[in-house]
Each structure stands twice: as C-alpha cells, then as structure tokens.
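The values are calculated or read from the model by the stated rules, or taken from the named source; none is laboratory data. As the structure is a computational prediction, the values presented were derived from the model and not from experiment. When we count neighbours, we look across all protein chains shown, and the Cβ atoms used for this are built from the backbone with ideal geometry, even at glycine.
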Amino acid sequence: MTSVRSCIAITCLWLVVLPLRAEVPDTVFLEELTWTELRDALKAGKTTILLPTGGTEQNGPHMVLGKHNYIIKYTSERIARRLGNAFVAPVMAYVPEGDLEPPTGHMAYPGTITLPNEHFMKVVEFAARSFKVHGFKDIVFLGDSGPNQKGMQAVAELLNKEWTNSGVRVHFTLDYYTIGYELTGGFAVWLQSQGESLENIGRHAGITDTSQLMAIDPKLIRMDKLAPGGDPKLTGISGNPTRASVTYGKKGLDLKIDAAVAQIQASMTASGRGSR
C-alpha cells in the first residue's frame with residue numbers, strides 16, 4: 001500500500017511540474033523569445049539575424065498603411081527558416097518617406113510617418129551594434145521599401161569597414177527589393193510574361209505590392225476600393241491594382257524570398273564564412 005501511495009504521489013508531482021517545463025517555442029522572431037532562450041541559441045551557434053525594415057505609408061484607398069511591415073515580417077520568417085540558423089529582429093516601421101515642410105513623397109497623404117535618412121541610418125547602425133555585442137556574427141539588412149536601400153547599404157559598408165577583423169559581417173540584401181518591386185526586376189518581368197503591361201504593373205500600390213499583401217492576408221485589402229490608378233497625385237496609386245491576385249502575390253513573394261536567400265548565402269560564402 002505504501003508503495004502504491006508513493007507512486008501516486010510521484011505521479012501527482014510530475015503532473016504539477018510538467019506544465020512548468022515549457023519547451024522553447026518554434027519561432028524565429030527575437031521578440032517572442034526570452035533573453036535566456038536567445039543566450040542558449042547563440043551558444044549553440046545560431047548566430048545569424050535579419051533586420052527587416054518596412055515603412056508606414058499611404059498605399060492608395062485600397063491597401064493598409066502597414067503594407068511593407070506585413071510583407072517583410074512574412075518574408076523574413078520564411079527567409080530565416082530557409083537559412084536554418086537565423087533569427088528575425090522586430091520590423092522597423094519608421095523609415096524615410098519624404099520631407100515634412102513642405103510635405104513631399106508619401107508625406108502628402110495622411111498616415112504616412114517619415115524619418116530623416118540620417119536618423120534612420122543611426123537606428124539601423126545601433127541595432128546592428130547591439131547584435132554584435134550579444135554575439136551575432138552575420139547581420140542581414142533587408143528592406144521592403146525603396147528609400148530604405150541606400151541608407152542600409154551605407155551602414156553596411158561603414159560597419160564592415162570598421163569590423164574587418166572582428167569576425168562579424170553585415171550583409172546588405174538589395175536583390176530582395178529589386179526582384180520584387182523594380183519594373184526591371186524578376187517579378188515585373190514574370191508579370192509581363194503573364195500578359196500584364198508595365199502601365200498596369202505600376203510603381204506603387206499597383207499589381208506587385210497589392211498582390212503580395214493579398215496573398216498574405218486579403219483582409220488588409222479593401223476589395224471594394226480597388227480601382228485603376230488614375231491620377232497618382234489624387235489616388236496615391238501608380239498602376240492598376242484591380243489586376244492583382246493571390247496567385248500573382250504568391251509568385252512575387254517566392255521570387256523575393258528565393259533572391260534573398262541566394263544573395264545572403266553568396267555573401268556569406270564570399271566573406272569566407274559559409275552559412276552560419
């Protein structure tokens with residue numbers, strides 16, 4: 001009887017303790033980890049981190065202001081999982097969008113938030129310096145918005161020069177943006193092969209970005225507001241978002257992710273590091 005009681009007591013103890021022994025979550029997002037979970041992962045050699053930059057800007061009457069942030073959080077997760085050894089830092093939502101006085105670029109439309117390029121660069125720089133302090137060896141800059149690119153490239157060059165003999169490398173990943181958004185990029189070329197014109201594809205809030213966000217979460221597109229761009233000064237649109245589709249969006253996202261993974265891996269190899 002004593003033996004039975006002991007077994008019951010031990011079983012009850014395990015039932016109490018087991019829920020407390022939570023496993024590390026299956027996530028690549030830095031903000032979803034505790035500091036001790038990250039410390040242990042770094043010690044185990046998971047020393048690559050992506051710094052995604054998005055933006056908060058007008059995207060026509062049909063698409064939410066956080067378009068870039070939603071897209072790059074989705075793509076960054078897939079890129080990190082493809083790399084197999086990477087984390088994703090919180091998305092930077094405040095980026096260069098135009099001047100304040102007088103308002104230029106997207107600042108002419110309510111809801112856009114701008115950050116002067118020099119201040120944007122400082123945030124990127126000190127995020128990267130923070131990663132280095134904590135033991136990250138490969139720091140990847142990834143931007144979903146055009147004005148982010150030059151600043152990130154300049155910071156990458158600055159830090160790589162400073163850190164030449166440190167064992168830490170910054171990888172600026174321009175192909176992700178050019179493939180996904182430039183009219184000469186892979187996605188636009190593919191869309192043309194599907195019969196779409198450059199006029200309909202457009203440069204902002206047209207087929208490319210509307211399709212990508214539609215594929216990620218259709219609720220972020222106001223379907224009843226979809227209309228050809230018209231006068232960009234009035235609508236904020238360049239292109240014809242009525243031609244957007246989930247099928248197009250999935251293709252565009254895949255092209256961007258493939259391009260980013262390839263460029264990151266090539267950059268690591270070129271620096272003599274291989275994939276970390």
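Just give me the residues in the stretch 103-128 being in a loop (DSSP other than H, G, I, E, B) and of a type in the set (Val, Ile, Thr), in sequence order.
Across the stretch 103-128, the qualifying residues are 104, 112.
When restricted to residues that are touching a residue at least 60 places away in the same chain (Cβ under 8 Å) and over 14 Å from the mean Cα position of the chain (by Cα), the stretch 47-81 contains 10.
Determine if the stretch 209-223 includes at least one residue that is among the basic types (Lys, Arg), closer than 22 Å to residue 66 by Cβ, modelled with pLDDT of 95 or more and crowded, with 16+ Cβ neighbours inside 10 Å.
Residues of the stretch 209-223 that are among the basic types (Lys, Arg), as a first pass: 219, 222.
In the following step, the residues that additionally are closer than 22 Å to residue 66 by Cβ were identified as 219, 222.
Subsequent filtering for residues that are modelled with pLDDT of 95 or more retains 219, 222.
Subset that is crowded, with 16+ Cβ neighbours inside 10 Å: none.
Among the residues of the stretch 209-223, not one is among the basic types (Lys, Arg), closer than 22 Å to residue 66 by Cβ, modelled with pLDDT of 95 or more and crowded, with 16+ Cβ neighbours inside 10 Å, which makes the answer no.
When only residues in the stretch 186-219 that are part of a loop (DSSP other than H, G, I, E, B) and free of Cβ contacts under 8 Å to residues at least 24 places away in the same chain count, which is nearest to residue 59 (Cα to Cα)?
Looking only at the stretch 186-219, we keep the residues that are part of a loop (DSSP other than H, G, I, E, B), and these are 194-197, 202-203, 205-206, 217.
From what's left, free of Cβ contacts under 8 Å to residues at least 24 places away in the same chain: 195, 197.
Working: 195: 24, 197: 20 Å.
The selected residue is 197.
Selection of the stretch 60-97 for residues being under 16 Å from residue 143 (Cβ atoms) and either in a loop (DSSP other than H, G, I, E, B) or at pLDDT below 95 (or both) yields 66, 89, 90, 91, 93, 94, 96, 97. Note on the stretch 224-259: among residues that are without any contact (Cβ under 8 Å) to a residue 40 or more places away in the chain and buried (at least 21 other Cβ atoms within 10 Å of the Cβ), the one that is nearest to residue 78 (Cα to Cα) is 249.
Of all residues in the stretch 94-110 being of a type in the set (D, E, K, R) and without any contact (Cβ under 8 Å) to a residue 24 or more places away in the chain, which is farthest from residue 160 (Cα to Cα)? Restricting to residues being of a type in the set (D, E, K, R) and without any contact (Cβ under 8 Å) to a residue 24 or more places away in the chain, the top hit is 101. Taking the numbered list (1) crowded, with 20+ Cβ neighbours inside 10 Å; (2) over 30 Å from residue 40 (Cβ atoms) in turn, residue 91 passes all entries but (2).
Would you mind stating whether residue 113 is touching a residue at least 40 places away in the same chain (Cβ under 8 Å), aliphatic (A, V, I, L, M) and surrounded by fewer than 17 Cβ atoms within 10 Å (Cβ to Cβ)? Step through it out loud before you land on a result.
Details: touching a residue at least 40 places away in the same chain (Cβ under 8 Å): yes; aliphatic (A, V, I, L, M): yes; surrounded by fewer than 17 Cβ atoms within 10 Å (Cβ to Cβ): yes.
Yes.
The number of residues in the stretch 30-75 that are more than 30 Å from residue 233 (Cβ to Cβ) and small (Gly, Ala, Ser) comes to 3.
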